[in-house]
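Q: Quick one: the structure is below, questions incoming.
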Amino acid sequence: MSKKNDRALRFYDEVLGLDRLHYGLWLPDDDLTFEKLKLAQIRYEDYLVEKLPSTVKSVLDVGCGTGILVKKLLDQSYLAEGLSPDINQKKRFEEALNAPFHHMPFEELSIEDTFDCIIMSESCQYIKLDKLFKNAKRALKAHGYLMICDYFVLNNAEGELSKSGHRYDEFMNRIDQEGFSVVVEEDLTQDVTKTLDLGKDFVEKSMKALSIGTERIRSKHPQLSKFVLWLFKNKIAKATKQTDLLDSDKFKQYKSYRFILLQANS
Ligand SMILES: C[S@@+](CC[C@H](N)C(=O)[O-])C[C@H]1O[C@@H](n2cnc3c(N)ncnc32)[C@H](O)[C@@H]1O
């Protein structure tokens, strides 16, 4: 079994203090602050729980992060379990919750139990398509639900933004042939992108602070500064490319953030 230690997720959690690892649903007038982000994330979790069909009693949260959603579900009397391949998330989950945690990638699913609903909240993009539907079918009771909320890549996408996420058309075309039907689909792209604006603002302010902080060193040792810049030129070029990932206009152009509720046909 592969055990993951996702550093990006640890950065959000340990550096930014965000124990929630999803975009969140913003209100149009929200200011770009971390407080508003936290509220947007809580709003998103409430939204997912509200969207559970009334017949659902047991839930498997696939890619459960630190276990926030599982906690909410348990608090509302659902039977809820978590699954993630990440070793740090396993630790956090087991410290906070008295619920089963399955430490494995979904592609290597080895759970005997079956559930009324599987939730993939921003984890669908990490799971290989050829196993995603098949293993979901195995872990669902007859006519069970698969709830997905994540971003997808549109056909016109290029550059950094085309690299993560399933292709929207390919994903939607596969649903029927994999034995599922679409019950609800909503486009939430406009509601999530303020998280990118906040991230961009944070990076820009941090770069400015770094530039002011190193001003004296740079003016005192110009040659050394140039050398250091040259030494890190590849890393800087890579970081500059990655800031494209925080461009909300490009995100809206090349990606689509969707809520999709599927039901197994048998
Ligand atoms: C962006 S986080 C979302 C976490 C949480 N669902 C949330 O909404 O806050 C992605 C999650 O998917 C998990 N993940 C990554 N690859 C996975 C895989 N192959 N199978 C299952 N989960 C996976 C990560 O460990 C993490 O928990």
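The values are calculated or read from the model by the stated rules, or taken from the named source; none is laboratory data. All values reported here derive from a predicted model rather than from experimental measurement. Cβ: placed from backbone, ideal geometry, glycine included. Neighbour counts: every protein chain shown. Heavy atoms of the whole protein, side chains included, go into the accessibility calculation; ligands, DNA and RNA do not. Shrake-Rupley method; radii C 1.70, N 1.55, O 1.52, S 1.80 Å.
Q: Within the stretch 157-192, how many residues turn out to be open to solvent by less than 30 Å² (accessible area, probe 1.4 Å) and of a type in the set (A, V, I, L, M, F, W, C)?
A: Result for the stretch 157-192: 7.
Let's see how each residue does on (1) touching a strand residue (DSSP E or B) at 6+ places or on another chain (Cβ under 6 Å); (2) outside the structural domain of residue 115 (by TED's automatic domain parsing); (3) surrounded by fewer than 18 Cβ atoms within 10 Å (Cβ to Cβ):
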| position | (1), (2), (3) |
| --- | --- |
| 35 | no, no, yes |
| 40 | no, no, no |
| 47 | no, no, yes |
| 60 | yes, no, no |
| 65 | no, no, no |
| 70 | yes, no, no |
| 73 | yes, no, no |
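Q: Determine whether the stretch 75-88 contains at least one residue that is within 14 Å of the ligand (Cβ to nearest atom), part of a helix (DSSP H, G or I) and closer than 23 Å to residue 188 by Cα.
A: no
Q: Further, regarding this structure: So, in the stretch 19-40, how many residues would count as being touching a helix residue (DSSP H, G or I) at 6+ places or on another chain (Cβ under 9 Å) and either aromatic (Phe, Trp, Tyr) or within 16 Å of the ligand (Cβ to nearest atom) (or both)?
A: Residues meeting the conditions: 11.
Q: Right, here's the next one. Can you name the residue in the stretch 117-129 that is assigned to a strand (DSSP E or B) and within 16 Å of the chain's Cα centre (by Cα) and is also nearest to the ligand (Cβ to nearest atom) among such residues?
A: Selected residue: 121.
Q: Could we say that residue 65 is within 22 Å of residue 146 (Cβ to Cβ), free of Cβ contacts under 8 Å to residues at least 60 places away in the same chain, within 15 Å of the ligand (Cβ to nearest atom) and assigned to a loop (DSSP other than H, G, I, E, B) here?
A: Numbers: within 22 Å of residue 146 (Cβ to Cβ): yes; free of Cβ contacts under 8 Å to residues at least 60 places away in the same chain: yes; within 15 Å of the ligand (Cβ to nearest atom): yes; assigned to a loop (DSSP other than H, G, I, E, B): yes.
Criteria met by residue 65.
Q: On to the next question. Looking only at the stretch 99-112, count every residue that is more than 14 Å from the ligand (Cβ to nearest atom), open to solvent by 30 Å² or more (accessible area, probe 1.4 Å) and modelled with pLDDT of 95 or more and tell me the total.
A: 1
Q: Going by what's in this entry, would residue 27 be described as more than 15 Å from residue 81 (Cβ to Cβ), of a type in the set (A, V, I, L, M, F, W, C), open to solvent by less than 60 Å² (accessible area, probe 1.4 Å) and not assigned by TED's automatic domain parsing to the domain that holds residue 202?
A: Details: more than 15 Å from residue 81 (Cβ to Cβ): yes; of a type in the set (A, V, I, L, M, F, W, C): yes; open to solvent by less than 60 Å² (accessible area, probe 1.4 Å): no; not assigned by TED's automatic domain parsing to the domain that holds residue 202: yes.
Judged against the criteria, residue 27 is not a match.
So that you can scan it fast, the table gives a plain yes or no per residue for (1) more than 15 Å from residue 192 (Cα to Cα); (2) at pLDDT 95 or above; (3) not basic (Lys, Arg):
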position	(1), (2), (3)
37	no, no, yes
48	no, yes, yes
72	yes, yes, no
76	yes, yes, yes
79	yes, yes, yes
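Q: Condition test on residue 132, is it more than 8 Å from the ligand (Cβ to nearest atom), in a helix (DSSP H, G or I), under 25 Å from residue 256 (Cβ atoms) and assigned by TED's automatic domain parsing to the domain that holds residue 25? Quick ask: steps written out before the conclusion?
A: Details: more than 8 Å from the ligand (Cβ to nearest atom): yes; in a helix (DSSP H, G or I): yes; under 25 Å from residue 256 (Cβ atoms): yes; assigned by TED's automatic domain parsing to the domain that holds residue 25: yes.
Answer is yes for this residue.
Q: If you take just the helices (runs of 4 or more DSSP H) that sit entirely in the stretch 158-266, which of them hold at least 2 residues that are charged (D, E, K, R)? First the steps, then the outcome.
A: Details: elements: 168-177, 189-192, 194-213, 215-220, 222-231, 233-242, 248-254.
Those helices (runs of 4 or more DSSP H) span 168-177, 194-213, 215-220, 233-242, 248-254.
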